[in-house]
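**Student:** Here you go, one structure.
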């Protein structure tokens, strides 16, 4: 299902009500621009893995860099060919599916005993001791 929003605020409210599989957003929108929308989405737990694509007439290098820096997965400049947008959407959805699958596999692996019961680490004994102390929260301030 595709949902439309006429402003960044409406888009964010729609995101909060029902997390989408992917977001395609313009940069220039009323009330809240796309950069702010992306930042707010990425600040939520639900928005960490949602693919976010900018589709914008703002084609300056700095705009594209800013889009990626704040968390966008892709940035497509208008005018664009619809087939390119579809290819980018399909690629992002496939990537998100692969990530979810790997997370589910990792969560389903049996955790017999402690983490120390896993394969030995490729570390010297001193390095391994420091590693386990850091994992347990010990630091050398």
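**Student:** Round to the nearest 10 and give me the degree value, 0 to 90, for the angle of helix 82-108's Cα axis relative to the longest principal axis of the chain.
**Tutor:** 20 degrees
**Student:** Please give the helix 125-135 orientation as an angle from the longest Cα principal axis of the chain, in degrees from 0 to 90, rounded to the nearest 10.
**Tutor:** That works out to roughly 50 degrees.
**Student:** Another question, if that's okay. Kindly state, to the nearest 0.05, the FRET efficiency for residue 91 paired with residue 31, given R0 = 25 Å and r defined as their beta-carbon distance.
**Tutor:** Between residue 91 and residue 31 the formula returns 0.25.
**Student:** Expressed as an acute angle from 0 to 90° and rounded to the nearest 10, what is the orientation of the C-alpha long axis of helix 8-17 relative to the principal long axis of the chain?
**Tutor:** Helix 8-17 sits at roughly 50 degrees to that axis.
**Student:** Separate question: Using a/c under 1.5 as the rounded threshold, could you call the chain rounded, prolate or oblate? The axes a ≥ b ≥ c are square roots of the C-alpha gyration tensor eigenvalues, and prolate needs a/b larger than b/c, oblate otherwise.
**Tutor:** Prolate shape, in that a/c is at least 1.5 and a/b is the bigger ratio.
Computed from the coordinates by the stated procedures, all read-outs in this text should not be read as laboratory data. Computed from a predicted structure; not experimentally measured. As a convention, Cβ positions derive from the backbone with ideal geometry for all residues, glycine included, and neighbour counts pool all protein chains shown.
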